[in-house]
1. Which residue pairs have Cβ atoms under 9 Å apart, sit 6 or more places apart or on different chains, and have a first residue in segment 74-88 that is within 18 Å of residue 108 (Cβ to Cβ) and a second that is at pLDDT below 95 and part of a helix (DSSP H, G or I)?
2. Please work out which residue is surrounded by the fewest Cβ atoms within 10 Å (Cβ to Cβ), limiting yourself to segment 16-50 and to residues that are part of a loop (DSSP other than H, G, I, E, B) and modelled with pLDDT under 90.
3. Among (1) part of a helix (DSSP H, G or I); (2) modelled with pLDDT of 95 or more, there is one condition residue 13 misses while meeting the rest; what is its number?
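The values are calculated or read from the model by the stated rules, or taken from the named source; none is laboratory data. Note that the coordinates shown come from a computational prediction; the quantities given were computed from them, not determined experimentally. Every residue, glycine as well, gets a Cβ built from its backbone with ideal geometry; the counts of neighbours run over all protein chains shown.
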């Protein structure tokens, strides 16, 4: 049974880049770091930071990773934020590898992920 109020961290991988499993893992790792550090680095007790603390303490730190075509990843990165590669290994510099939706409930995420497949 799903809890629609449960807080989850969401990531959408750019499937058009055909990244290896290891590369995808690293890109999601960058996304996790950004999701957690941005509110803390802002220097204020923002709503994002409060959500982070609740997610960390009460919600088993769940993460979901989806895949999408680059067009959809760009759309989501513009609304939320994106991870761009340095181009040191598999893909060209400044490639958009991942869109990070941040931490939100399933209900909040539904409009953005409803047609996406889990990776």
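1. 81/31; 81/34; 81/35; 81/38
2. 43
3. Going through (1) part of a helix (DSSP H, G or I); (2) modelled with pLDDT of 95 or more one by one, residue 13 breaks only (1).
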